[in-house]
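Scroll down for the structure; my scribbles are underneath it.
Values quoted throughout were computed directly from the atomic coordinates according to the rules given, and no laboratory measurement underlies them. Please read all numbers here as calculations on a predicted model, not as lab measurements. All Cβ positions, glycine included, derive from the backbone under ideal geometry; neighbour counts span all protein chains shown.
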Amino acid sequence: MGRRGQHDETPEAMADFLVRLGASLLKYGSSTHRIEELITVTAQLRGFSARAFAVPTGLWLGVSRPERGDEIVRLIRVHDWAVDLGKLTDLDVLFNQVADGSLPLDEASRDLDRIDGRPSRYGAPILVVAGSLASGSAALFFGGGLREVLVGVVLGLCVTTMQTVLGRFSRTRLLLDFIAGVVAGLTSWGATSIFPDLLRKPLILATVIIVVPGMTLTAGIGELAHRNLVSGAARMFQAMMVLLSLVFGLGLAFALETAASGGFKPLIAGQSAPFWQLLVGTAVAGAAFVALLDVPLRYALPTIGSGVLAWIATVGAERLLGHGAESALLGALALGLYSNVLARVTERPKQLFLTPGIIMLVPGAFGFLSFGELLAGDVASGTAHVFQTLVIGTSLIIGLLLADAVLPPKKVL
């Protein structure tokens, strides 16, 4: 598109497109500070001036011509959001075409409708299987053996199916986290009643791991680190609400178990699995996240590699420095450098290669356990785990910021 075509565009058309693009990016997992930067850059490249303010639930922006004083203001509300790396990648391609002037705004708007309306490339059956595999892998990481892994796959299948079915209805969508807690408690009770020697703690954590908002908590800390205080606080409170819903659901299941049998089975964890088993589990979890995050197949291997790299880097750091925030920081630094290199080479968003790996590192399970301890009256242990969760989440963000400082991805998204 030539310069004349760009000047024929009106601020109204530009504002309408940018507010819809920003809302889609919010829905599919982009951070608010990147969305604000993208809107500003896109408007400038098309001959406009733009200001934007994004929060997880909405977006405000104003667009004007630099030589004129009138400003077109738009506001849009975002009701649903989840990480969808496939659509995020499609939106990055669309943004590049709009930014370089090769795509008129009317055609870009139609492409935006197409991207928003596209279903997952993997389909519901594959997503259910992927969720169950992720749960089985989690059971291994939380101290379970082969039996706990197999049962974790079954229990994960139950929760993923429940989410798929109940998530379709507005009246039950907000109860998914609470119901997941109930299902985790009841199914683990049933499993340990049939097989009394099963370890229950790995089963519960494996069942809820897909729902635990570790990524949301870490994203909130990242927003705060970028001085986006409103967005950061909103994401952290969202994570807190999900954790509370899970814990209340689990508490209800324990109450039902106590009423039926006079007490609930203790939550016992096992020993750490051998290195090779954990390595295989990491690769399986990475493959599951390819489907769960809708990663395009051509990027599947680098996506799986991000999880394996993050885990190996963290394990190596733990052997040198011990468990704690320092090893998490080094793992995040290695993952950030890996993601930035791939973003440069492929010219695709760094989140495509970063998110699956960071999921392996986020301290979501610690947050879940800490809220459970607080509700059970163990204030000392609960408070210690809350603080540990926040410190590890912060160390991950610092590691990623260091990676961006050393080797920037050269991408807005």
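May I ask you to compute the full-extension gain from F387 to V345, defined as 0.36 nm times their residue separation minus their alpha-carbon distance, rounded to one decimal in nm?
Gain on extension, F387 to V345, equals 11.3 nm.
Based on the Cβ-Cβ distance from E67 to A124, what FRET efficiency comes out when R0 is 56 Å, to the nearest 0.05?
Here the calculated transfer efficiency is 0.60.
With N residues in segment 3-117, what two-decimal value do you get for its Cα radius of gyration over 2.2 N^0.38 Å?
Cα Rg divided by the expected 2.2 N^0.38 Å: 0.98.
Relative to the longest principal axis of the chain, what angle (0 to 90°, nearest 10) does the C-alpha long axis of helix 364-375 take?
Relative to the chain, helix 364-375 is tipped by roughly 60 degrees.
Using a basic spin-label model with each label point 7 Å from the Cα along Cα→Cβ, how many nm lie between I194 and R147?
In this crude label model, I194 to R147 measures out at 1.3 nm.
Classify segment 176-308 as rounded, prolate or oblate, taking a ≥ b ≥ c as the square roots of the eigenvalues of its Cα gyration tensor: rounded when a/c is under 1.5, otherwise prolate if a/b is larger than b/c and oblate if not.
The shape class here is oblate.
Over all distinct Cα pairs, what is the inverse of the mean 1/r for segment 8-61, reported as the Kirkwood hydrodynamic radius in Å?
Computed over Cα pairs of segment 8-61, the Kirkwood hydrodynamic radius comes out at 11.0 Å.
Lys pairs in the chain, Cα-Cα under 30 Å, at least 8 apart or on separate chains: how many?
Number of lysine pairs found: 10.
Quote the charge dipole size of the chain about the Cα centre in Debye, to the nearest 20; the model charges only the Cβ of Lys and Arg (+1) and of Asp and Glu (-1).
280 debye
When the dipole is taken about the Cα centre of segment 190-298, and only Lys, Arg (+1) and Asp, Glu (-1) are charged at their Cβ, what size is it in debye, to the nearest 20?
Using Cβ point charges on Lys, Arg, Asp and Glu, segment 190-298 gives about 140 debye.
Among 324-333, 383-392, what's the highest-first ranking by average C-beta atoms within 10 angstrom per residue?
324-333, 383-392
For R74, what is the net charge nearby, where nearby means another residue's Cβ is under 12 Å from its Cβ and Lys, Arg count +1, Asp, Glu -1?
0
Sort out for me the Cα centre separation of segment 99-174 from segment 312-354, rounded to whole Å.
24 Å
Which entry in [x] -0.95, -1.31; [y] -0.74, -1.23; [z] -0.83, -1.27 is this structure's computed log10 I(q)/I(0) by the Debye sum over Cα atoms at q = 0.11, 0.14 Å⁻¹?
[z]
Restricting to DSSP H runs of at least four residues, report the calculated mean residue ellipticity at 222 nm for the chain, -39500 (n - 2.57) per run over all residues, nearest 500 deg cm²/dmol.
-23500 deg cm²/dmol
Find which of G220, I72, A124 sits farthest along the positive direction of the dipole of the chain, computed with +1 on the beta-carbon of Lys and Arg, -1 on that of Asp and Glu, about the Cα centre.
Of the candidates, A124 comes out farthest on the positive side.
Between F53, F264, F248, find the one with the highest GNM mean-square fluctuation for the chain; connect C-alpha pairs within less than 10 Å.
Highest fluctuation of the listed residues: F264.
What angle, in degrees between 0 and 90 and rounded to the nearest 10, separates the Cα long axis of helix 146-166 from the longest principal axis of the Cα atoms of the chain?
Helix 146-166 and the main axis of the chain meet at about 50 degrees.
Have a look at G22, L59, A99 and report the one farthest towards the positive end of the charge dipole of segment 3-117, computed about the Cα centre with Cβ charges (Lys/Arg +1, Asp/Glu -1).
Comparing the listed Cα positions along the dipole, L59 ranks first.
Rounded to the nearest 0.05, what FRET efficiency do E12 and H226 have when you use their Cβ-Cβ distance and R0 = 30 Å?
Efficiency, from the Cβ-Cβ distance: 0.50.
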